[in-house]
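Q: My structure is below; once you've seen it, I'll send some questions.
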Amino acid sequence: GGTWINARLIPLLGPSGSVFGVLGIVDDISDPKEAEAALRESEEKYRLLVENTHDIIYLISPAGIFTFVAPSFTRMLGYKPEDVAGKPFREFVFPEDIAVYEDALAKVVSTGQRLSGIEYRVNHADGSIRVHISSVAPILDKTGTVMTYLGNAQDITEMKLLEEKSAEKA
């Protein structure tokens, strides 16, 4: 517990050019420094959360372009985040399910509310098809316009396979 200060020292010169004193200006900058430290701590917590989640966290622009995907995208779908950001989500969604996802986004826009339980297939980098379930929420600007969509996807492929096997046995 100390005090952060910003000090500026200005030499005071006499007529002969020699220093006869120092003018000091001191500002207490403790509050901004504490706010900065709290922000860094908060950012670190969120970074750890996003980097270590078992789900895919993503942002999609209103134009349908991925602007961010968590590193879990690589674990779950084999694509590096830098190879996904800037590309349309349609490149990763199974062609017959693109309309399902587009309809969900349209519903999010029309209601302005989060939508959960969006089930669709996605293309893995290895060529396999995975089944995901997503929740999507609109992120609005001050005027209420959608700036981006925040999504959270879970891979439910194994669960779907088990359901199919159970149905076959019944």
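The values are calculated or read from the model by the stated rules, or taken from the named source; none is laboratory data. What you see is a predicted model; the values in this text were computed from it and never measured. Don't worry about glycine lacking a Cβ; one is built from the backbone with ideal geometry, like all the others, and counts go over all protein chains shown. Accessible surface areas use protein heavy atoms only, side chains included; no ligands, DNA or RNA. Shrake-Rupley method; radii C 1.70, N 1.55, O 1.52, S 1.80 Å.
Q: Any idea how many residues of segment 1-37 are of a type outside the set (A, V, I, L, M) and surrounded by 10 or more Cβ atoms within 10 Å (Cβ to Cβ)?
A: Within segment 1-37, residues that are of a type outside the set (A, V, I, L, M) and surrounded by 10 or more Cβ atoms within 10 Å (Cβ to Cβ) number 12.
Q: Then there is this: Restricting the search to segment 40-72, which residues are open to solvent by 30 Å² or more (accessible area, probe 1.4 Å) and in contact with a helix residue (DSSP H, G or I) (Cβ under 6 Å, 6 or more places away or on another chain)?
A: The answer is ILE57, PRO71.
Q: For ARG90, are the conditions met, namely being surrounded by 10 or more Cβ atoms within 10 Å (Cβ to Cβ), within 27 Å of ILE156 (Cβ to Cβ), at pLDDT 85 or above and charged (D, E, K, R)?
A: Against the criterion (surrounded by 10 or more Cβ atoms within 10 Å (Cβ to Cβ), within 27 Å of ILE156 (Cβ to Cβ), at pLDDT 85 or above and charged (D, E, K, R)), ARG90 qualifies.
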